[in-house]
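Q: Mind looking over this structure? Questions follow.
Values quoted throughout were computed directly from the atomic coordinates according to the rules given, and no laboratory measurement underlies them. Here the structure is a predicted model, which is why all the values come from computation and not from measurement. Reconstructed Cβ throughout: ideal geometry from the backbone, glycine too, with neighbour counts over all protein chains shown.
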Amino acid sequence: MTEHAAEPSSTSPSTAVIDGVFELAREGHTGQLGEMLDAGVPLNMLNGRGDSLLIVASYAQHADTVRDLLRRGAATSVVNAMGQTAVACAVFRNNEAILRLLLEADADPALGAHPAAQIADQFGLPRMREVIESFGSAGSTH
């Protein structure tokens, strides 16, 4: 019985690490997040909702974190369980700077359950649609 008590849980530490890494992205702690990535945390890992670090940082509106993740090669094509992408998050949050960073990194605004231009139209964000169109793809299904 005591031999089982000495065994560490095989899932708790990694779950805690994953949660902590996503919290760094959510809070915009770019330097600390970079240290974790440099230490071997996978750049494109997903949380339980299918969010990538890039989606979380985009939704939380941390441009420096988004920039660093893109510089490191973060995948821009991840679609989470709700059909959302980092581009969709930037549009929904009306964050032109992050939208531009993503589009400059060749993120596809047509991916996801609702293309980015459709989100811009739905929420009355004409500037977001203009930015998307200026990159050559409206992502519209009209």
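Q: Mind listing whichever residues of segment 29-54 are without any contact (Cβ under 8 Å) to a residue 12 or more places away in the chain and among the aliphatic types (A, V, I, L, M)?
A: Within segment 29-54, just Ala39 meets the criteria.
Q: Tell me which residues, restricted to segment 77-100, are surrounded by fewer than 24 Cβ atoms within 10 Å (Cβ to Cβ) and either among the small types (Gly, Ala, Ser) or assigned to a loop (DSSP other than H, G, I, E, B) (or both).
A: Ser77, Val78, Val79, Asn80, Ala81, Met82, Gly83, Gln84, Arg93, Asn94, Asn95, Ala97 - these are the residues of segment 77-100 that are surrounded by fewer than 24 Cβ atoms within 10 Å (Cβ to Cβ) and either among the small types (Gly, Ala, Ser) or assigned to a loop (DSSP other than H, G, I, E, B) (or both).
Q: Next up: Quick one: is Gly73 in contact with a His (Cβ under 8 Å, 6 or more places away or on another chain) and not in a helix (DSSP H, G or I)?
A: no
Q: Let me ask something additional. Just one of the numbered conditions (1) closer than 23 Å to Phe135 by Cβ; (2) surrounded by fewer than 19 Cβ atoms within 10 Å (Cβ to Cβ); (3) not polar (S, T, N, Q) is not true of Gly50; which one?
A: Going through (1) closer than 23 Å to Phe135 by Cβ; (2) surrounded by fewer than 19 Cβ atoms within 10 Å (Cβ to Cβ); (3) not polar (S, T, N, Q) one by one, Gly50 breaks only (1).
Q: Another question about this same structure. Select from segment 51-70 the residues that are of a type in the set (S, T, N, Q) and in a helix (DSSP H, G or I) and write down the one among them that is nearest to Gly112 (Cα to Cα).
A: Restricting to residues being of a type in the set (S, T, N, Q) and in a helix (DSSP H, G or I), the top hit is Ser58.
Q: Can you tell me which residues in segment 101-110 are in a loop (DSSP other than H, G, I, E, B) and crowded, with 20+ Cβ neighbours inside 10 Å?
A: Ala107, Pro109
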